[in-house]
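To keep things clear, I will list the structure first and then write my remarks on it.
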Amino acid sequence: MLTELTHLFLPAMVERGHGRVLNLASSAAFQPLPWTATYAASKAYVLSFSEAL
């Protein structure tokens with residue numbers, strides 16, 4: 001959903017020359033978590049995707 005929404009709204013922001021995308025992750029993005037690996041991986045994706053933008 002994060003990628004889809006960004007793909008949907010970002011081109012119009014670029015065309016207008018302004019706009020903001022706010023993505024929230026958590027400290028789980030910085031470390032693996034043994035019992036919640038999928039959660040930590042999804043937060044790491046949010047962080048990496050946001051930095052790439």
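The values are calculated or read from the model by the stated rules, or taken from the named source; none is laboratory data. Everything numeric here is computed off the predicted structure, so don't read it as measured data. Glycine gets a Cβ as well: all are built from the backbone with ideal geometry, and neighbour counts include every protein chain shown. Note: areas computed on protein heavy atoms with side chains; ligands, DNA, RNA excluded. Shrake-Rupley method; radii C 1.70, N 1.55, O 1.52, S 1.80 Å.
Take the stretch 27-43 and flag every residue that is among the polar types (S, T, N, Q), open to solvent by 70 Å² or more (accessible area, probe 1.4 Å) and either in contact (Cβ under 8 Å) with a residue 40 or more places away in the chain or not in a loop (DSSP other than H, G, I, E, B) (or both).
Initially, the stretch 27-43 is screened for residues among the polar types (S, T, N, Q), giving 27, 31, 36, 38, 42.
Checking the rest, the ones that are also open to solvent by 70 Å² or more (accessible area, probe 1.4 Å) come to 27, 31, 38.
Scanning the stretch 27-43 gives SER27, THR38.
Among the residues making up the stretch 1-26, those that are touching a residue at least 12 places away in the same chain (Cβ under 8 Å) and in a helix (DSSP H, G or I) are LEU2, THR3, THR6, PHE9, LEU10.
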